[in-house]
1. Restricting the first residue to region 48-60 and requiring it to be without any contact (Cβ under 8 Å) to a residue 40 or more places away in the chain, which pairs with a second residue that is among the basic types (Lys, Arg) and surrounded by fewer than 15 Cβ atoms within 10 Å (Cβ to Cβ) meet a Cβ separation below 8 Å and a spacing of at least six or different chains?
2. If the Cβ limit is 6 Å and pairs must be 6+ apart or interchain, which residue in region 15-28 that is under 15 Å from Pro54 (Cα atoms) pairs with which residue that is open to solvent by less than 50 Å² (accessible area, probe 1.4 Å) and among the small types (Gly, Ala, Ser)?
3. Kindly state which strands (runs of 3 or more DSSP E) lie completely within the chain and contain at least 2 residues that are modelled with pLDDT of 95 or more and open to solvent by 60 Å² or more (accessible area, probe 1.4 Å).
Amino acid sequence: MQNDSVLKIAIEGMHCGGCVRRVTAALARLDGVEIHAVDVGEAEVGYDAARVEPQEILDAVSGIGFPARAA
């Protein structure tokens, strides 16, 4: 996959490994996203801007109950 850009994400409400797994799974479902790291409170992904918008990535995380914003 060609990663045009990198998005660092600040994530609220995460507190354990289970949260990390849920966020990782949500990000993995997105076409055009490559997960670099997911830790409690933050994540970093590479993404292909031709296939996915940064807001779609943030919405995927927020949509599972963890408010997310670009860091």
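The values are calculated or read from the model by the stated rules, or taken from the named source; none is laboratory data. Values in this document were obtained by computation on a predicted structure and should not be read as measured data. When we count neighbours, we look across all protein chains shown, and the Cβ atoms used for this are built from the backbone with ideal geometry, even at glycine. Side chains included, ligands, DNA and RNA excluded: accessible areas come from the protein's heavy atoms. Shrake-Rupley method; radii C 1.70, N 1.55, O 1.52, S 1.80 Å.
1. What qualifies is Ala60/Arg29.
2. Filtered contacts from region 15-28: Ala26/Ala60.
3. 5-11, 33-39
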